[in-house]
Every structure is written in C-alpha cells, then in structure tokens.
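Below is one structure, written out as structure tokens; the observations come after it.
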Amino acid sequence: MMRKVVEVAFVLAMLIPFAIRFEWTYHYWIAVTATYLAYITARRWEYE
Amino acid sequence: MNDFMALVFFYAILGTAIALYARKGTKTQEDFFVGGRNIGGLISALTYAATTYSAFMMVGLVGLSYMTGVGATGFELMYLVGTLFLLSYYAPKVWRLGREKGIVSPAEIFAYRYGTLTAKVATVLALIALIPYTSIQMIGVALILQKNAGISFASGVAIASILIALWAFLGGLRGVAWTDAIQGLFMLAVAILAVFWTYNYIGGFGIPKDLAVVPNEFWTPLKFATLTIPWFFFALTNPQVFQRLFIPKDEKALKRMVVLFGLFGLIYTVLVTFLGLDLRFGTEIGKFPAVADRDEVTPTLLSMMPYWIALPLALSIIAAAVTTANSIILTLSSMVLRDVIGEKTRIVGGKIVVVVLTIVVALFALKRISYIVELAVLSSTILLCQLPLILGVFHWKRGKERTGLATLMCGFITAIVLSAIKHPMVSIATFCVSFAVFLAVSLIDR
C-alpha cells in the first residue's frame, strides 16, 4: 500500500508546476523523473 | 552516389548483417514475433526505447520545445513517468500471463479474456490507428532522403520501405531488436554530439522567461491533460510496446528492461528538449534565425551544422523512424496472422504479412492523403479504448465478448467523431466513454 501511495505521489508531483508557477520548472521536472527512476531501481520487485 | 547516400547504404548493409546474424534459431512464430521469450535485459531495453522514440523526438519535440517552452519537457517526462509507473506494476503481470497462456500477439490477451471477435476488432483498430502513424515515419525518411541524397520522393519511399521491412522479414523480433539496440545507441550518441555543438555555437543556455513556466499561452492545464493522457497509458495501449513485455528471458531481465529504458528515456528527453530550448535562446540573442513553423526548427539547425555532424544527425532521424516503423509492422503482422487469419504455427505467413503491410504503408505514404496526419496524431487516442479491457484482465472479473466489443467500438467512435469536429477534449472524452461503457456493459454481460 505504501509503495502505491509513493508512486502516485511521484505522478502528482509532476503536476505541481501547473498549480504553483516557478522559473526552475525545467530542472524540477527532470529532478522528479530522475528521483522516480532511482526509486523504481532501488525498490523491491515482485520476483525479488 | 553522394556522401549521405553512401552513409545510408553502409547503414543498410550493417543492419542487414546484424539481422541475418540475429535470425539464427528462428523456427516458430514464438521465435519470430517475441524472440522465443529469450531476450536479455539490455537488448530488451534498447528495443523498447528505439520503438517508443520515433522521429517525433528529434523533429517534433525539438520544435515543440522551441515554440512552447518547458511545457514540452513536462509533456514528454510525464509520458516517461507514466510508463515507468505502469510498467513497474503491470510488466511482471503481463510477462507472466504471456508465458502461462503462450500469448504472442498483443490482441491474444483480449481473445483469452473477451473472446476471439474482440481480438479481431482490436486488430482492425490497431491497423486503423497505426498504419497512418507508420506512413508518417516513412514519409519522414523519404523527405530526408529526398533532401540529402537528391532522389525523388517516390524513390525515397521505396528505399524507406526496404529499410523498414527487410530486418523484420529476415530476422523477425530478434532482427528488429538487435538492429534497434545499435540504432538506439547511435541516436543517443548523435543527440549528445548535437547538444554539445549547439551549446558551443549558441554560447550558453537559457530559457526565455515566458517559456520557463507553465501554464502559458500554449500549455494550459486542459491542453496538457488532453495531450498527456493518451501518452501516459501508451505502454499498455500501443501493441508494439505491449508486445515487448513478452520478450525478456526472465524477471530479472524484465526489471532491467524497465529501468534501463527509463534511463534512456530520461537522457534522450533531456537532450532533445535542451536542444529546442537552447535554439530558442539562440534566437533571442541573435545566434539562430527565428523559425515560424515548429517542424522547420530541426531542418534549419541541420542546414547550419557542419557536414560531419549534420549527416549523422539526419541519419539518426532516419534510424528513429525505421526502428519505430519496423517494430509496428512486425507487431501488426503478428496480430493479423494470429488473431485475424488464425495461423499460429508457420512463420512464412508472418513474413508475407510483413511485406503486405509495408506495401500498404508505402501506398499511404505515396498518396500523402490529407487525413493521414490527423489519423497519425490521433493514433494513441484511438488505442486508448483498449485500456479498460487491459486493466480489466487484472482487476475486474466481470465482462466477456459483448463488453470487449462495446468498449472498443464506443471508444473508437468517440475518438473519431470528436476529432472530426475538433473537440478540445477528445482524449479525455475517449478515456471516460471507454471506461463508462466497459463498466456498464460488464455488469450485464454474463
């Protein structure tokens, strides 16, 4: 359950620039995607 | 033969040699269409990436970033996050189901759950959605050949057809996957080179203030949602990438495929959008001409680059188009052969369908019918009607053939009708109608 909440939070985090305007949006989007990728890589998968 | 044609010739010879080497041991349809379910994680990741990232990236997304700013980066990264989100959850389930049920074509997952007629209709919808999309890739290759090699458009279509069909015909999935892997690495390397050259030429990087934030004039929340929804679910709805979930040799390779694809996608997206934004910065400081048509941004850049980088960049755009197109053709062939014709053993039928579909795509490309572009843009929205059925396989026990047929038909009609009247919420409406019909019909479909 916790895993699903975290993953949905990452997806919602991608929408934040539409709610709050800030000039480093470009870097923010790259950072969120990179962090999500790191999370996917590190977390346990079903077969592990 | 000029230098570019010589480069294309070398590319064709190299790809053919790889496809011939890769085809060893291809005896059954399972070998031909899904590589015998025995592909390693790295090759799976690179073929997934090369299939996903078409010529749209280096032409369309560069132009979109140039014209509309960082929203284009958000759009493409939202696709990537969505794909990772879906794959990290569904990829192991689809992979296991594929092995357990011997599923080879993506539509067979519908046949297993919603009946063979649903699989047939899903195949027809995939043909309607993806043949125009593949034609656009072929037109792109033909135009690059016409401009850089000085040949006619028709000759360009003929060469593009051979490039697209040959490696799938010779080596099936293994031929496509191995050539995809080499081309994917080439696309990435050339993109890095192009960014370095452009950064040095412009003399820095910056984003004009009005393009550094969203929402802006182009990227309203509605526009972002409309464009993003079909792409967010691309991994489940587009058969050419869905079929790739069957190919890794074990679950470790499957995880490696997802993670390495994510890494490729992140790097490639950042490079491509950086290029578009940097060129816009160049326009602001007078180093790059102002371009009014966003599809002309990359051609303008190519015309300004030195020979040694312009030629590989043009070839990388051809590679991006070919890797996407041949994967689509191979997947559609598996669907036509297994789900419509019903031939599930011999691979010669697969080879014939690869040739026939390539000829159909070439005819579309030669005609250049005006509605091809509209249908190509609409492709992912049309395929969105399959989403409830795929999710239903794993989460919803109700619903059989009537549910499958009603969902596909209502979703498809919604997409076509709303697109014809240019309704701004076409993808959102298709999404909602498909789910509503699926739930409603499944409750009475026993």
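Candidates are the residues of the range A:1-21 that are outside any helix (DSSP H, G or I) and facing chain B (nearest Cβ under 7 Å); the one that is farthest from B:Thr220 (Cα to Cα) is A:Met14.
Among residues of the range B:12-23 that are at pLDDT below 95, those with a beta-carbon under 8 Å from a residue that is among the charged types (D, E, K, R) at least six positions away or on a different chain give the pairs B:Ala22/B:Arg174; B:Arg23/B:Arg174. Could you check, for the range B:346-355, whether at least one of its residues is crowded, with 24+ Cβ neighbours inside 10 Å, assigned to a helix (DSSP H, G or I), of a type in the set (A, V, I, L, M) and touching a residue at least 60 places away in the same chain (Cβ under 8 Å)? Yes, there is a match, as at least one residue in the range B:346-355 is crowded, with 24+ Cβ neighbours inside 10 Å, assigned to a helix (DSSP H, G or I), of a type in the set (A, V, I, L, M) and touching a residue at least 60 places away in the same chain (Cβ under 8 Å). Scanning the range B:56-95 for residues that are within 13 Å of chain A (Cβ to nearest Cβ) and β-branched (Val, Ile, Thr) returns B:Thr68, B:Val70, B:Thr73, B:Val81, B:Thr83, B:Val94.
Selection of the range B:246-296 for residues being in a loop (DSSP other than H, G, I, E, B), more than 14 Å from every other protein chain (Cβ to nearest Cβ) and at negative phi yields B:Ile247, B:Ile285, B:Lys287, B:Phe288, B:Pro289, B:Ala290, B:Val291, B:Ala292, B:Asp293. For the range A:23-45, a residue qualifies if it is at the interface with chain B (Cβ under 7 Å from one of its Cβ atoms) and either under 24 Å from B:Leu211 (Cβ atoms) or part of a loop (DSSP other than H, G, I, E, B) (or both), and the qualifying residues are A:Glu23, A:Thr25, A:Tyr26, A:Trp29, A:Ile30, A:Thr33, A:Ala34, A:Trp45. Of all residues in the range B:369-395, those that are under 18 Å from B:Thr414 (Cβ atoms) and among the aliphatic types (A, V, I, L, M) have Cβ atoms under 6 Å from Cβ atoms of residues that are at pLDDT 75 or above and surrounded by fewer than 21 Cβ atoms within 10 Å (Cβ to Cβ), 6 or more apart or on another chain, in B:Leu378/B:Ser419.
Kindly evaluate B:Val34 against the criterion of being surrounded by 24 or more Cβ atoms within 10 Å (Cβ to Cβ), within 14 Å of chain A (Cβ to nearest Cβ), part of a helix (DSSP H, G or I) and of a type outside the set (Gly, Ala, Ser). The answer is no for B:Val34.
The listed residues are B:Leu384, B:Leu375, B:Leu332, and the only one of them that is of a type in the set (A, V, I, L, M) and either out of contact with any Pro (no Cβ under 6 Å at 6 or more places or on another chain) or surrounded by fewer than 21 Cβ atoms within 10 Å (Cβ to Cβ) (or both) turns out to be B:Leu332. Looking only at the range B:396-425, filter to residues that are in contact with a Cys (Cβ under 6 Å, 6 or more places away or on another chain) and in contact (Cβ under 8 Å) with a residue 60 or more places away in the chain; which one of those is nearest to B:Leu61 (Cα to Cα)? Restricting to residues being in contact with a Cys (Cβ under 6 Å, 6 or more places away or on another chain) and in contact (Cβ under 8 Å) with a residue 60 or more places away in the chain, the top hit is B:Phe412.
The values are calculated or read from the model by the stated rules, or taken from the named source; none is laboratory data. Remember, it's a predicted structure, so these values are computed and weren't measured experimentally. Reconstructed Cβ throughout: ideal geometry from the backbone, glycine too, with neighbour counts over all protein chains shown.
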